[in-house]
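Encoded as C-alpha cells, the structure appears first; notes follow it.
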Amino acid sequence: MNERLKENYELALSKIHALDKDGRVTLLLATKMQTPEDINYLISLGAMVIGENKVNELLEKYEHYDKRASLHFIGTLQRNKVKYIYDKVDMIHSVDKMSLAEEINKQCAKIGKVMDILVEVNSGHEENKSGAMPEDVATLVRDCSALPYINVRGLMTMAPRCQTKEEYMKYFSLTKSLFDELFANEENAVLSMGMSQSYEYAIEAGATLVRLGSTIFGERKYL
C-alpha cells in the first residue's frame, strides 16, 4: 500500500513540476475518507498541506495527524460548525457569504487568531452549488477584508464537471481574471483551482494550489 501511495504522490509531483516552471504551485492532499496512517505516510514523504471536507471527520482524525503539515478545511462549512474547527485549521477555503466570515471572525476573536481564508467563487453560476457568484466576489472580498480576525488570502473555485479541457479552462480563466483583479498586489496570494481530473488544466490557467485526492489515494475509503 505504501509503495503505491509513494508512486502516485511522486508521479503527481513530477507532473506538477513539469507544468509549474516558476515553483509557485502547492499540492494539497484532499484527505476525505483516508486513514491517518496513509496521510501521515505522505507527510513523511514531504506533503505539507492537507485538507479535510467534513467537520466530523476532521475532529475524529485530528489527534492522529502528523502536525508538521498545515491543516486546511476545504469543504462546505456551516456557520454552526465553525466553533469546532477555528482553533485547529490554518486556512478555510470555502467562504462564500458574509455571515460565515463574520462567524469565523467571532470565533477567532476568542483566541486572538487571524484566520486565513479563501473566498469561494461559483464560476459555473450553478444554483445548487456553494460559492459566491462571480459578480459578487469583489464585494465579498472587500467586506471580509474589513474583519479584524480574517485575512483574505485569495480565491477558490470548484469548476462544474466538464468533458473537455476547453470547458474547464472557461471556468478557471474566469476565476483567474477575478484573482488578478483583486489580488494583483498580493505577493503570496492563493488561487485554489483544480482537482484530480483537472489539476493540469488549472495549473496552465494560473492556479497556485491544487487539491488532489483520488489521483494519489485511489478509491480506498476510510471507515
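The values are calculated or read from the model by the stated rules, or taken from the named source; none is laboratory data. The structure displayed is predicted, hence computed values, not measured ones. Ideal geometry is used to build each Cβ from the backbone, glycine not excepted, and the neighbour counts take in all protein chains shown. These area figures cover heavy atoms from the full protein model, side chains too; ligands, DNA and RNA do not enter into them. Shrake-Rupley method; radii C 1.70, N 1.55, O 1.52, S 1.80 Å.
Miscellaneous remarks
- Among the helices (runs of 4 or more DSSP H) confined to the range 161-223, the ones with at least 3 residues that are open to solvent by 80 Å² or more (accessible area, probe 1.4 Å) are located at 165-183.
- Among the residues of the range 190-212, at least one is more than 17 Å from the chain's Cα centre (by Cα) and within 26 Å of E10 (Cβ to Cβ).
- Residue within the range 80-95 that is open to solvent by 10 Å² or more (accessible area, probe 1.4 Å), part of a loop (DSSP other than H, G, I, E, B) and farther than 28 Å from N40 by Cβ present: no
- Filter pass, V137 being of a type in the set (V, I, T), under 14 Å from K176 (Cα atoms), touching a strand residue (DSSP E or B) at 6+ places or on another chain (Cβ under 9 Å) and open to solvent by less than 70 Å² (accessible area, probe 1.4 Å): yes
- If you check E127, E103, E57 for being open to solvent by 60 Å² or more (accessible area, probe 1.4 Å) and acidic (D, E), only one passes: E127.
- Residue check, L140 over 11 Å from A202 (Cα atoms), part of a helix (DSSP H, G or I) and either polar (S, T, N, Q) or touching a residue at least 40 places away in the same chain (Cβ under 8 Å) (or both): yes
- Segments classed as helices (runs of 4 or more DSSP H), wholly inside the range 1-66, with at least 3 members that are at pLDDT below 95: 2-19
- Checking S145 against (1) surrounded by 15 or more Cβ atoms within 10 Å (Cβ to Cβ); (2) polar (S, T, N, Q); (3) at pLDDT 95 or above, the condition it does not meet: (1)
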